[in-house]
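Inspection log for the structure reproduced underneath, given as structure tokens.
The values are calculated or read from the model by the stated rules, or taken from the named source; none is laboratory data. This one's a predicted model, so the numbers in the text were calculated from it and none came from an experiment. Neighbour counts run over all protein chains shown; Cβ positions are idealised from the backbone, glycine included.
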Amino acid sequence: MIGAWHRFRNLSSRQRRDFFRALYLLPLAGAVLRVRDYRSVQRSLALHREQKRGSADDASARWQEARGAAHMVHAASRYGLAKGNCLSRSLALCWLLQRRGIVAELRVGGKKSGDAFEAHAWVEVAGVVVNDGEDVGNDFASFDAPATREMLEGK
């Protein structure tokens with residue numbers, strides 16, 4: 001625990017704010033997902049998308065900012081009371097990023113694994129995954145994208 005405290009003290013003020021915001025956004029996301037259906041959550045996210053205008057350098061900076069925020073959401077889920085699942089963590093991250101004017105896309109996908117169906121959620125900024133592995137889109141077919149034969153066969 002002392003190591004975690006030292007790491008926390010070394011965070012920037014923005015990282016600390018993101019951590020504390022994530023601490024309350026995670027249980028809020030979980031509660032919203034229990035009382036509202038996924039489509040209404042998606043529509044609500046779409047209504048609040050406003051992208052900052054800027055150069056390619058700005059886009060790179062926004063992506064780095066998004067990665068940093070994703071790291072703080074992960075830390076809050078690890079050390080906070082609300083651990084959340086991939087969907088609530090991704091929803092909390094989307095809210096955090098959209099508040100800053102960063103267009104964040106909540107993606108949900110699925111795959112067949114043996115006889116079971118698995119679902120997963122992640123966030124993309126400008127088509128690049130920020131809170132998961134870069135190849136998550138290869139492993140899980142986004143529900144707004146076609147499934148590949150390998151995904152359907154569980155390979």
Checklist entry - Any idea which of (1) within 9 Å of the chain's Cα centre (by Cα); (2) within 15 Å of His120 (Cβ to Cβ); (3) not in a strand (DSSP E or B) is the one Arg107 doesn't satisfy? => result (3)
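So if I check each of Arg53, Arg39, Arg34, which one is in a helix (DSSP H, G or I), modelled with pLDDT under 90 and over 17 Å from the mean Cα position of the chain (by Cα)? Please lay out each step first, then the result.
On the way: Arg53 fails: in a helix (DSSP H, G or I); Arg39 fails: over 17 Å from the mean Cα position of the chain (by Cα).
None of the others qualify; the one that does is Arg34.
Taking the stated definitions as given, is Val103 in contact (Cβ under 8 Å) with a residue 60 or more places away in the chain and more than 20 Å from Leu26 (Cβ to Cβ)? Give the steps one after another, and end with the answer.
On the way: in contact (Cβ under 8 Å) with a residue 60 or more places away in the chain: no; more than 20 Å from Leu26 (Cβ to Cβ): yes.
Judged against the criteria, Val103 is not a match.
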Item to check | In the stretch 1-24, the residues that are modelled with pLDDT of 90 or more and either among the hydrophobic types (A, V, I, L, M, F, W, C) or touching a strand residue (DSSP E or B) at 6+ places or on another chain (Cβ under 7 Å) (or both) | outcome: Phe19, Phe20, Ala22, Leu23
Checklist entry - What pairs come up if the first residue lies in the stretch 109-125 and is without any contact (Cβ under 8 Å) to a residue 60 or more places away in the chain, the second is of a type in the set (Ser, Thr, Tyr) and surrounded by fewer than 21 Cβ atoms within 10 Å (Cβ to Cβ), and their beta carbons are under 6 Å apart, counting only those six or more places apart or on different chains? => result Gly109/Ser142
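Filter the stretch 87-111 for residues that are of a type in the set (D, E, K, R) and closer than 20 Å to Tyr38 by Cβ; which is surrounded by the most Cβ atoms within 10 Å (Cβ to Cβ)?
Pass one, the stretch 87-111, residues of a type in the set (D, E, K, R): 89, 99-100, 105, 107, 111.
Imposing the further condition that a residue be closer than 20 Å to Tyr38 by Cβ reduces the set to 89, 105, 107, 111.
Details: Arg89: 27, Glu105: 21, Arg107: 21, Lys111: 21.
Top of the filtered list is Arg89.
Kindly indicate whether Gly84 is in a loop (DSSP other than H, G, I, E, B) and either in contact (Cβ under 8 Å) with a residue 24 or more places away in the chain or buried (at least 19 other Cβ atoms within 10 Å of the Cβ) (or both). Outline the logic, then answer.
On the way: in a loop (DSSP other than H, G, I, E, B): yes; either in contact (Cβ under 8 Å) with a residue 24 or more places away in the chain or buried (at least 19 other Cβ atoms within 10 Å of the Cβ) (or both): yes.
Against the criterion (in a loop (DSSP other than H, G, I, E, B) and either in contact (Cβ under 8 Å) with a residue 24 or more places away in the chain or buried (at least 19 other Cβ atoms within 10 Å of the Cβ) (or both)), Gly84 qualifies.
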